[in-house]
Number of protein chains: 2
Amino acid sequence: MVDDLREMLKGTLEGCVLEIIGNEETYGYAITRRLNELGFADVIEGTVYTILLRLEKNGLVQVTKRPSEMGPPRKFYALNDAGREELGRFWAKWEYLSSRIDKLREGGR
Amino acid sequence: MVDDLREMLKGTLEGCVLEIIGNEETYGYAITRRLNELGFADVIEGTVYTILLRLEKNGLVQVTKRPSEMGPPRKFYALNDAGREELGRFWAKWEYLSSRIDKLREGGR
DNA sequence: TCTCGGTACTGCGTGATACCGAGTACTACT
DNA sequence: AGTAGTACTCGGTATCACGCAGTACCGAGA
């Protein structure tokens, strides 16, 4: 259908991951599946893991390792205060951007 | 207000420039001013020119050089057929992405 | 037992993009 | 002459999504 959202996802995919983590404590593999079923069909695991490592490096999440019945142990991610702030900034930016784009499209003066 | 849209603009700014050119034949400096007044306040000339050179390289625009009364000659850009197609694809991608994001935000199942 | 597929994470490298900065050059006004 | 506004070019940088190879754990079927 719509091919190659790659470039357009830059800067937004991380926010999507933050939002998913904000809804419930979860782990990389599940986040990828969630994104896929939400319509971000081409997002692959490697991408999500790089985002998660970045979030951890930037101190936006709290990480807990727990064993799994289905395979290797899972790293569960939850937002901390800094993460919730960043999520708020993300939605503010998204609202700002999308309103400008829509205005532009309407012939926008 | 909203700082650093930089990453979020990736993949969308080029589409915005295409839309502006599609509305009327215009040139780089004017496109920058137009973007600024539309709310893309931090977009600078260098960025727009790199986009315009890319559009030209990719064969999406027709370029006409014309003298100016106010300074150096201007390079006017107009969309060709390929450019109009690309613009259509851009809006399709934008619609797709923004609908998914909004769905995600609504808690979206 | 051995392989295979599904689950789960890591780490290095690539390509595309917006942005930065310095440079060039033309016009008009003081 | 000097400055400000207009107008474009080009080399370099940082960041990001993504590709890919590798590691590792588990359960089911041949």
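Quick notes on this one:
- Rh (Kirkwood; distinct C-alpha pairs) - the protein assembly as shown, Å: 19.1
- Net charge of Cβ neighbours under 9 Å - reference residue A:29; Lys, Arg +1; Asp, Glu -1: +1
- A Förster distance of 45 Å, applied to the separation of the beta-carbon atoms of residue A:41 and residue B:36, puts the FRET efficiency at 0.80.
- Cross-link pairs A:57/B:93; A:75/B:10; A:103/B:93; A:93/B:57; A:75/B:93; A:57/A:103 - those with Cα-Cα distance over 28 Å: A:57/B:93; A:75/B:10; A:93/B:57; A:75/B:93; A:57/A:103
- Shielding of B:32-40 by partner chains, average beta-carbon count, 10 Å: 3
- Karplus 3J(HN,Hα) series, Hz, for segment B:62-76 with 6.51 cos²θ - 1.76 cosθ + 1.60 (x for Gly, Pro): 10, 10, 10, 8, 9, x, 10, 7, 9, x, x, x, 10, 9, 8
- Estimated Rh, chain B: Kirkwood, alpha-carbon pairs, angstrom: 15.1
- Sorting B:12, B:32 from the fewest to the most surrounding beta carbons within 10 angstrom yields B:32, B:12.
- One decimal place: the segment residue A:70-residue A:106 gains 7.9 nm when fully extended, by the rule 0.36 nm per residue minus the C-alpha distance.
- Label-to-label distance, nm, for residues given as residue B:92 and residue A:58 (7 Å Cα→Cβ offset): 3.2
- Residue-averaged 222 nm ellipticity for chain A, from DSSP H runs of 4+ at -39500 (n - 2.57), nearest 500: -18000 deg cm²/dmol
- Each copy carries a label point for residue A:70 at 7 Å from Cα toward Cβ; from one copy, the others' points are 6.1 nm away, ordered from shortest.
- Averaged over peptide B:94-103, the number of partner chain Cβ atoms lying within 10 Å of each residue's Cβ comes to 6.
- Exercise: per-residue mean of other protein chain Cβ atoms within 10 Å, B:10-20: 4
Read the figures in this text as sums done on the coordinates, not as results from a lab. From a predicted model like this one, the values you see are computed outputs, not experimental measurements. Cβ sites come from the backbone with ideal geometry, for glycine too, and all protein chains shown count toward neighbours.
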